[in-house]
Amino acid sequence: MRISVIGAGYVGLTTAACLAQIGHDVFCGESDEKKLSTLQACVMPIFEPHLQRIVKNACSAERLRFGSTEQAIGWGDAIFICVGTPPLANGDADLSALEAVARMIAKQASGYRLVVEKSTVPVQTGAQLRKHLSVHSTNGLKYDVASNPEFLREGSSIEDFLHPDRIVIGVDSPRPEKILREIYQPIVDQRFDCPVHTSCPRHSRPTFLVVETASAELIKHASNSFLAMKISFINMVANLCEAVGADVTEVATGMGLDPRIGPAFLRPGIGFGGFCFPKDVQAFIRIAEKSGCDFSLLREVEKINQDRIGRFIEKLRGEVWVMRGKKIAVWGLAFKPNTDDVRFAPSIALIRALLDEGATVSAYDPQATEKSKLVLPNISYCENPYEAAEGSDAVLIVTEWEQFRDMDWRRLKSIMARPLILDGRNMLESKQVTSCGFRYVSIGRDLVLPPQNGLSANEVHYRSAALQKSWSDSSVVSLD
Ligand SMILES: NC(=O)c1ccc[n+]([C@@H]2O[C@H](COP(=O)([O-])OP(=O)(O)OC[C@H]3O[C@@H](n4cnc5c(N)ncnc54)[C@H](O)[C@@H]3O)[C@@H](O)[C@H]2O)c1
């Protein structure tokens, strides 16, 4: 089928590449001219595993091409809108890019088109789109509007798109359902040439869920808000573990064994970021508010998340005491591993706070350096993690890139001013680094005594270590 994809970002480019891979004839339209010329030269403007190869092959086979939005609108029987929906100052989703595309479709397209909202949008956007298309249509356009929320995760977007758990479509009549079934049939049947796995393991068929448009729109926001809630929940459990001397990894393991809870998203850390969770939680709160529903539960989720950075800095301060003049190494800038995306990444707020307190920061990320330079121009960017750590008073692990798991710890210790690691993602085992002479601080696994008891940071840690040791020895120790 001839398909148009509007917007060549993380979602649009993945959608275009994967729909071409499963046999459709795709035109991807992009309004950013710099991005467009990069794509036309077959260079990827974003980092996403497998993407470059798939795009290159699809372009050579003439199943994928890139051009202007106008050209893309003229191409497809189905038009997937994948433009950004960033947050406005009041938390609402900014739908101006989506509205602009809808207006262009209304003015230019003729005949029948299925307009598919793939961008994450507030409930009722489909209804607005229908109205907008009808008000602005000048060429006798006949259309349906469908919602098809996207659940891919950056860093594994191709795999997620081609091997999803579910495909959700929101339609209000049979015709769009039929078209979307036809588009997704190869994925539903898992019958396509898999570009990710050399011998593709058998994947179960994804559920093809057909619901009302408004329900599909809500499924996306509700899913992301629920996942964000799970992260904030385990982060609060981590705080509690620090207060009582329990180990959050053990607690999360015990919780996750319950199939009603499940182990995913029970990993504590310095908080969620990225282009989805923070803005989708905000938008969902606003949607509820405007609909007269008090969803203050999600305000707590947000608040807990916002407190993560301050709490992490408090741990650092407890170790290095005065921040001014200290050199801090930051490992990881992307909001998660395997992507170059730094939008709403915890690293940004963290680094800004460190700079505000007079520390200098040297950072390393395998993919996100170029994008970080645009938002954080005043730090040193390094070629590798050792260079970043050279002469530093602490290494902060902010993104759990696999390579940080397996470092030459003795070499690292020899080049740092002080052998101190703060692991904001709990990716290391304490024994692994403490046996090499590091002081290792993580999340929810070290007892943190409240500051008002008058103990110095050293005393707190000495006593904390003593208390934890005593618990592991099953004996009792008094702190008084
Ligand atoms: N990034 C994710 O992991 C993810 C996952 C699921 C859903 N989503 C949702 O998908 C949507 C897109 O997210 P993204 O991360 O791909 O954003 P993005 O910013 O990476 O991509 C959006 C692209 O649309 C282009 N664009 C804007 N107006 C245009 C126009 N008129 N014509 C053509 N192109 C235009 C922009 O230049 C940009 O390249 C958002 O609503 C987001 O919430 C994102």
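Computed over protein heavy atoms with a 1.4 Å probe, the carbon and sulfur contribution to the accessible area of the range 180-277 reaches 61%. Taking all protein chains together and a 1.4 Å probe, the residues Glu289, Glu429 rank Glu429, Glu289 from largest to smallest accessible area. Accessible surface computed residue by residue for the range 76-202, with neighbouring protein chains in place and a 1.4 Å probe, gives 43 Å² per residue. Residues in the range 95-111 carry Karplus couplings, in order, of 9, 5, 5, 5, 5, 4, 5, 4, 5, 5, 4, 4, 7, 9, 6, 9, x Hz; the curve used is 6.51 cos²θ - 1.76 cosθ + 1.60 with θ = phi - 60°, and Gly or Pro positions show x. Classified by the C-alpha gyration tensor, the range 187-337 has a prolate form. Its axis ratio a/c, with a ≥ b ≥ c, is 1.5 or above, and a/b is larger than b/c. DSSP beta bridges confined to the range 1-109 are antiparallel in about 5 percent of cases. Excluding ligands, DNA and RNA, the accessible surface per residue across the range 321-441 is 43 Å² with a 1.4 Å probe. Roughly how many Å is it from the Cα centre of the range 115-150 to that of the range 62-101, as a whole number? Centre-to-centre distance over Cα atoms comes out at 11 Å. Need one word for the chain: rounded, prolate or oblate. Basis is the Cα gyration tensor (sqrt eigenvalues a ≥ b ≥ c); a/c below 1.5 gives rounded, then a/b vs b/c decides. Since a/c reaches 1.5 and a/b is larger than b/c, the shape of the chain is classed as prolate. Here the contact order of the chain, divided by its residue count and restricted to Cα pairs under 8 Å and six or more residues apart, works out to 12 percent.
Rank Tyr184, Ile287, Ser110 by how far each Cα sits towards the positive end of the charge dipole of the chain (+1 on Lys, Arg Cβ; -1 on Asp, Glu Cβ) and give me just the farthest. Of the options given, the answer is Ser110.
The string of couplings for the range 333-342 from the Karplus curve (6.51, -1.76, 1.60, θ = phi - 60°) is 10, 4, 6, 7, x, 6, 9, 9, 7, 10 Hz, one whole number per residue in order, with x for Gly and Pro.
Prolate is the label for the range 342-426, because the ratio a/c of its alpha-carbon gyration tensor axes (a ≥ b ≥ c) is 1.5 or higher and a/b is greater than b/c. Computed about its Cα centre, the charge dipole of the chain is approximately 340 debye, with only Lys, Arg, Asp and Glu carrying charge at their Cβ.
Taking every DSSP bridge with both residues inside the chain, close to 5 percent are antiparallel.
Taking amide H as placed 1.01 Å from N in the peptide plane, the amide H of Val116 sits under 5 Å from that of Ile79, Phe80, Ile81, Ala146, each at least 5 places away or on another chain. The Cys residues in the chain with no partner Cys Cβ within less than 4.7 Å of their Cβ are Cys18, Cys28, Cys42, Cys59, Cys82, Cys241, Cys276, Cys293, Cys382, Cys436.
The values are calculated or read from the model by the stated rules, or taken from the named source; none is laboratory data. In this text the structure is predicted, and so the values were computed from the model without any measurement. In this analysis, Cβ positions are derived from the backbone assuming ideal geometry, glycine residues included, and neighbour counts consider all displayed protein chains. Side chains included, ligands, DNA and RNA excluded: accessible areas come from the protein's heavy atoms. Shrake-Rupley method; radii C 1.70, N 1.55, O 1.52, S 1.80 Å.
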